[in-house]
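The values are calculated or read from the model by the stated rules, or taken from the named source; none is laboratory data. Worth saying up front: this structure is predicted, and the values here are computed from it rather than measured. Cβ coordinates were reconstructed from backbone atoms using ideal geometry, including for glycine residues, and neighbour counts include every protein chain displayed.
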Amino acid sequence: MSRLFVLIVIVTTSLGGSAAEAQVQKPRVIVMTDGEIDDHSSMIRFLLYTCDVDVLAIIETNSIFQRNGHSKEDWYEKQLAAYGKVYPNLVKHHPDYPTVEKLKKISVVGDEEEDHLRDLREKRWELVPGAKITFEPDTWNDTPGSDKIVEILLEENPEPVHIQAWGGGNTAARAFYKLKTEYPDDYKRAVSKVVMYNIWYQDGAGNYIEQNHPEVTMIYCGSFAGTWNYNSQKNTYDFIEHHVKNNHGPLGALYPQDYVSEGDSPAFFYTLKNGLRNYEDPTYGGWGGRFEKTSELDHVYKDAVDDGDKLKSLKMWIDDVNQDFQARMDWCVAEKFEEANHHPTVRISGELDRTISSGKTMTIDAGKTSDPDGNNISFKWWHYKEAGSFDGSVKLKDTDTDKVTLVAPPVSKPETIHVMLEVTDNGDPALKSYQRFIITVEP
């Protein structure tokens with residue numbers, strides 16, 4: 001388990017996520033986007049999930065693919081305006097959507113200086129964890145984006161800050177440099193809060209940060225390619241036409257592509273408070289993928305290869321994620337709560353993290369789970385083997401009921417087992433809520 005905070009909670013209720021997660025602060029996120037066309041698509045989806053995170057800043061940047069950035073264009077401003085138009089409906093389905101005024105206030109421009117990319121061309125395959133540092137940001141100017149990151153990290157709040165690099169990370173690199181040189185007494189406290197999810201290293205920042213600011217947790221995602229990027233979901237033309245672009249309000253109408261092509265979306269999927277607890281630890285796995293620590297660098301993670309397939313940990317959730325998006329698009333036009341579908345509410349008796357001795361029996365009870373729309377619900381329990389340390393099989397009993405039973409396997413040292421619950425309603429679209437349980441088995 002990483003040094004990131006571990007969630008141990010008692011149970012209440014939460015819309016669209018676990019019952020137990022309701023008492024935990026929402027993940028705090030900063031989005032950096034280079035404004036590529038698929039970023040436009042990802043941003044539309046992200047805006048519909050801003051109720052599930054605490055958005056601290058949205059920063060426009062550049063990358064080796066978008067060398068001058070796109071902040072001089074009004075693509076983002078148009079999306080915010082459209083979000084504002086559907087906001088009155090959205091809050092009827094989830095009260096935590098931020099106002100468009102709040103989003104505007106925290107939206108700034110970061111590093112779009114092409115010279116900071118220098119000789120870097122579209123050679124992303126050379127920009128991988130452990131590669132040589134291309135240059136340092138010591139002579140660069142500060143930007144509103146880098147200053148915003150500095151401001152946020154200097155706050156006394158000790159909770160993690162999830163910085164998402166949909167494009168390049170140079171804005172964050174400059175912020176970390178400034179913290180180290182101008183705020184030495186606060187530097188370690190500030191940067192050790194950062195979990196930075198990188199869709200590739202799209203400039204020289206990744207290698208600079210991992211080697212000059214080793215307290216930053218770096219996640220390198222390459223598995224978005226083949227799952228969420230261009231040409232990966234060519235079966236979604238009808239989905240986008242009927243459930244996003246048409247008859248779903250002005251925000252969906254701005255979706256610029258004809259099928260799902262959102263290479264950057266896994267970065268924010270990782271942070272969603274949906275019961276999977278993905279954001280607690282890169283090795284857990286969830287909508288944003290699963291990662292394993294590199295052997296060379298203590299706080300750098302790369303795509304996990306599960307069953308010989310580094311795409312598996314993202315592919316396994318694609319249908320669930322898109323059906324969830326469909327429901328959010330429905331919220332944009334449903335003027336009453338009763339006119340759209342909503343997630344089942346998972347209620348658990350007991351804690352999410354439990355300890356048991358080998359040979360003992362444990363029952364997990366989700367019998368108070370319900371659906372806010374009165375839909376029928378079904379249960380599925382399963383063992384997420386790759387996420388835990390126990391390498392054997394675990395037999396679960398009654399996996400299609402609201403209570404699951406397991407017998408703790410024999411172990412020679414403490415081992416962890418991740419038991420997953422999926423609750424699905426029969427609404428249109430069918431929606432899932434999740435809950436992860438982490439069972440520590442002792443000899």
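Below are the figures for this structure:
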quantity: Some residue of the range 340-362 being part of a loop (DSSP other than H, G, I, E, B), in the same structural domain as Lys432 (by TED's automatic domain parsing) and free of Cβ contacts under 8 Å to residues at least 40 places away in the same chain; calculated: no
quantity: Of residues in the range 305-354 being under 22 Å from Pro282 (Cα atoms) and in contact with a strand residue (DSSP E or B) (Cβ under 6 Å, 6 or more places away or on another chain), the one surrounded by the most Cβ atoms within 10 Å (Cβ to Cβ); calculated: Ser313
quantity: Tally of residues being touching a helix residue (DSSP H, G or I) at 6+ places or on another chain (Cβ under 6 Å) and farther than 17 Å from Thr271 by Cα across the range 210-244; calculated: 5
quantity: Any hit, the range 416-434, residues being over 28 Å from Phe239 (Cβ atoms), out of contact with any helix residue (DSSP H, G or I) (no Cβ under 7 Å at 6 or more places or on another chain), hydroxyl-bearing (Ser, Thr, Tyr) and part of a loop (DSSP other than H, G, I, E, B); calculated: no
quantity: Pairs, first of a type in the set (Gly, Ala, Ser) in the range 129-143, second part of a loop (DSSP other than H, G, I, E, B), C-beta under 9 Å, six or more apart; calculated: Gly130/Thr294; Gly130/Glu296; Gly130/Leu297; Ala131/Tyr201
quantity: Filter pass, His70 being crowded, with 22+ Cβ neighbours inside 10 Å and either farther than 23 Å from Val260 by Cα or modelled with pLDDT of 95 or more (or both); calculated: no
quantity: Filter result for the condition that a residue is assigned to a helix (DSSP H, G or I) and over 24 Å from the mean Cα position of the chain (by Cα), over Asp119, Asp115, Asp38, Asp138; calculated: Asp115
quantity: Residue in the range 170-177 that is modelled with pLDDT of 95 or more, surrounded by fewer than 24 Cβ atoms within 10 Å (Cβ to Cβ) and either over 19 Å from the mean Cα position of the chain (by Cα) or not polar (S, T, N, Q) (or both) present; calculated: yes
quantity: Sole residue being in the same structural domain as Glu126 (by TED's automatic domain parsing) and under 19 Å from the mean Cα position of the chain (by Cα), chosen from Pro160, Pro184, Pro144; calculated: Pro160
quantity: Residue match in the range 178-191 (condition: aromatic (Phe, Trp, Tyr) and surrounded by fewer than 24 Cβ atoms within 10 Å (Cβ to Cβ)); calculated: yes
quantity: Single residue of the range 382-430 satisfying the filter (under 30 Å from Gln323 (Cβ atoms) and of a type in the set (Gly, Ala, Ser)) that is surrounded by the fewest Cβ atoms within 10 Å (Cβ to Cβ); calculated: Ser393
quantity: Odd one out for Lys336 among (1) more than 18 Å from Val419 (Cα to Cα); (2) of a type in the set (D, E, K, R); (3) without any contact (Cβ under 8 Å) to a residue 60 or more places away in the chain; (4) in contact with a helix residue (DSSP H, G or I) (Cβ under 8 Å, 6 or more places away or on another chain); calculated: (3)
quantity: Failed condition for His93, given (1) closer than 24 Å to Asn198 by Cα; (2) surrounded by 20 or more Cβ atoms within 10 Å (Cβ to Cβ); (3) not polar (S, T, N, Q); calculated: (1)
quantity: Condition check for Val31: modelled with pLDDT of 95 or more and crowded, with 21+ Cβ neighbours inside 10 Å; calculated: yes
quantity: Pair list, Cβ < 6 Å and 6+ apart or interchain, from the range 176-193 residues that are among the aromatic types (Phe, Trp, Tyr) to residues that are assigned to a helix (DSSP H, G or I); calculated: Phe176/Val191; Tyr187/Leu179; Tyr187/Lys180
quantity: Boolean, Val100 is under 12 Å from Thr171 (Cβ atoms), among the aliphatic types (A, V, I, L, M) and at pLDDT 95 or above; calculated: no
quantity: Residue match in the range 239-251 (condition: surrounded by 24 or more Cβ atoms within 10 Å (Cβ to Cβ), closer than 26 Å to Phe437 by Cα and of a type outside the set (Gly, Ala, Ser)); calculated: no
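Table: residues versus (1) in contact with a Lys or Arg (Cβ under 6 Å, 6 or more places away or on another chain); (2) in a helix (DSSP H, G or I); (3) hydrophobic (A, V, I, L, M, F, W, C); (4) farther than 24 Å from His116 by Cα.
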site: Ser146; (1), (2), (3), (4): yes, yes, no, no
site: Ile149; (1), (2), (3), (4): no, yes, yes, no
site: Ala173; (1), (2), (3), (4): no, yes, yes, no
site: Lys178; (1), (2), (3), (4): no, yes, no, no
